[in-house]
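Novice: Have a look at this one.
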Amino acid sequence: MAEKILFGYLIDIKDYQLFDNILTFITPTKRFSCLSLGSRKINSKNSRNLFYGSKSEIIFFESRNNNKLSRLKKINNIDQPNWSIQNKKVLYLLNDIALKTDFVVNETYLFYEKWLNYLKEGIHSTELIILLILKEFIQLTGLNIIVDHCPVCGSKKLKTFSFKEHGIVCDYCYEKNEKYFSLSITKNLYFLFTDQLDLITNNKKILNQLTRLLNEYITFNSGIKFNLK
């Protein structure tokens with residue numbers, strides 16, 4: 001195994017055997033996993049640097065065999081750990097996106113870093129940032145949602161969102177066997193996709209329902225389901 005150094009972010013930690021972890025990282029050039037020996041021990045130096053959302057220097061022995069894991073030597077935090085974001089749903093969503101999507105790696109890395117920095121700035125609520133992330137993910141995957149006219153007939157008299165038609169449909173084109181979304185959900189979906197963020201509600205219940213809608217829409221079209229617990 002040859003020693004290698006990359007810079008990136010830790011996006012997943014899994015326990016392995018008694019004292020070890022399998023760590024997954026995203027960098028500008030690759031997403032990869034490493035076996036971290038002894039990092040579950042109390043006195044492990046590496047265990048003290050395993051933080052989500054902190055840019056790290058990753059020193060590892062790269063496996064030349066695709067069937068074997070690379071082995072972590074040392075991890076150093078370049079950024080100081082930001083304690084205020086460690087348990088944020090946004091951070092776990094970003095990690096999940098970086099793990100489950102197959103964009104070009106550099107695009108995934110830039111997406112991850114952009115929204116991580118946005119989270120650290122603390123401009124919007126957790127609920128709104130999640131919606132903005134899901135919206136951009138949908139657009140990047142070419143699954144854009146039509147909200148300014150009925151995608152079937154072009155009518156401006158809109159009723160509710162349709163998974164089947166990829167947008168907000170009118171009363172005439174709405175199929176009664178499809179799930180119906182309330183006016184409050186439909187209006188806020190419209191505000192989100194027309195970038196009228198100041199008009200989006202602060203009601204967490206509605207925002208969470210809208211989040212579930214977008215997550216279901218992504219799953220319906222791509223098979224990918226993100227963990228938003």
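The values are calculated or read from the model by the stated rules, or taken from the named source; none is laboratory data. From a predicted model like this one, the values you see are computed outputs, not experimental measurements. Because the Cβ atoms are built from the backbone with ideal geometry, glycine has one as well, and the counts that use them run over all protein chains shown. Note: accessible area is taken over every heavy atom of the protein model, side chains too, but ligands, DNA and RNA are not part of it. Shrake-Rupley method; radii C 1.70, N 1.55, O 1.52, S 1.80 Å.
Novice: Inspect the stretch 157-165 for any residue being out of contact with any Ser or Thr (no Cβ under 8 Å at 6 or more places or on another chain) and under 27 Å from residue 92 (Cα atoms) and give the result as yes or no.
Specialist: yes
Novice: Could you say which residue among 42, 130 is among the hydrophobic types (A, V, I, L, M, F, W, C), out of contact with any Cys (no Cβ under 7 Å at 6 or more places or on another chain) and exposed (fewer than 15 other Cβ atoms within 10 Å of the Cβ)?
Specialist: After ruling out the rest, the residue left standing is 42.
Novice: Still on this model: Return yes when residue 39 is farther than 29 Å from residue 226 by Cβ and among the hydroxyl-bearing types (Ser, Thr, Tyr) and no when it is not.
Specialist: The answer is no for residue 39.
Novice: Examine the stretch 171-189 for a residue that is surrounded by fewer than 17 Cβ atoms within 10 Å (Cβ to Cβ), of a type in the set (A, V, I, L, M), touching a helix residue (DSSP H, G or I) at 6+ places or on another chain (Cβ under 7 Å) and in contact (Cβ under 8 Å) with a residue 40 or more places away in the chain, and state whether such a residue exists.
Specialist: There is no residue in the stretch 171-189 that is surrounded by fewer than 17 Cβ atoms within 10 Å (Cβ to Cβ), of a type in the set (A, V, I, L, M), touching a helix residue (DSSP H, G or I) at 6+ places or on another chain (Cβ under 7 Å) and in contact (Cβ under 8 Å) with a residue 40 or more places away in the chain.
Novice: Still on this structure, please answer the following. Test each condition in (1) open to solvent by less than 40 Å² (accessible area, probe 1.4 Å); (2) at pLDDT 90 or above for residue 101 and report the one that comes out false.
Specialist: Condition not satisfied by residue 101: (2).
Novice: Related question: Look at the stretch 80-102 and say how many of its residues are under 20 Å from residue 30 (Cα atoms) and touching a residue at least 12 places away in the same chain (Cβ under 8 Å).
Specialist: 11
Novice: Say we look at the stretch 137-164 and pick out the residues that are of a type in the set (Lys, Arg) and farther than 15 Å from residue 176 by Cα; which of these is surrounded by the most Cβ atoms within 10 Å (Cβ to Cβ)?
Specialist: Per the criteria, the residue is 157.
Novice: Any residue at all in the stretch 105-123 that's under 20 Å from residue 222 (Cα atoms), open to solvent by 20 Å² or more (accessible area, probe 1.4 Å) and modelled with pLDDT under 95?
Specialist: Scanning the stretch 105-123, I find at least one residue that is under 20 Å from residue 222 (Cα atoms), open to solvent by 20 Å² or more (accessible area, probe 1.4 Å) and modelled with pLDDT under 95, so the answer is yes.
Novice: Now for a different question. Among the residues of the stretch 203-226, count how many are assigned to a helix (DSSP H, G or I), closer than 18 Å to residue 103 by Cα, touching a residue at least 60 places away in the same chain (Cβ under 8 Å) and among the β-branched types (Val, Ile, Thr).
Specialist: Final tally of qualifying residues: 1.
Novice: Within the stretch 1-39, which residues are surrounded by 13 or more Cβ atoms within 10 Å (Cβ to Cβ), farther than 19 Å from residue 81 by Cβ and among the aliphatic types (A, V, I, L, M)?
Specialist: 1, 6, 22, 35, 37
Novice: While we're on this one: Sort out which residues of the stretch 190-218 are closer than 12 Å to residue 134 by Cα and in contact with a strand residue (DSSP E or B) (Cβ under 9 Å, 6 or more places away or on another chain), and write them in order of number. I'd like the intermediate steps shown before the answer.
Specialist: Residues of the stretch 190-218 closer than 12 Å to residue 134 by Cα: 192-193, 210-218.
Within the stretch 190-218, 193, 213, 217 qualify.
Novice: Shifting gears a bit: Looking only at the stretch 109-140, filter to residues that are in contact with a helix residue (DSSP H, G or I) (Cβ under 6 Å, 6 or more places away or on another chain) and among the hydroxyl-bearing types (Ser, Thr, Tyr); which one of those is farthest from residue 26 (Cα to Cα)?
Specialist: Checking each candidate, the answer is 126.
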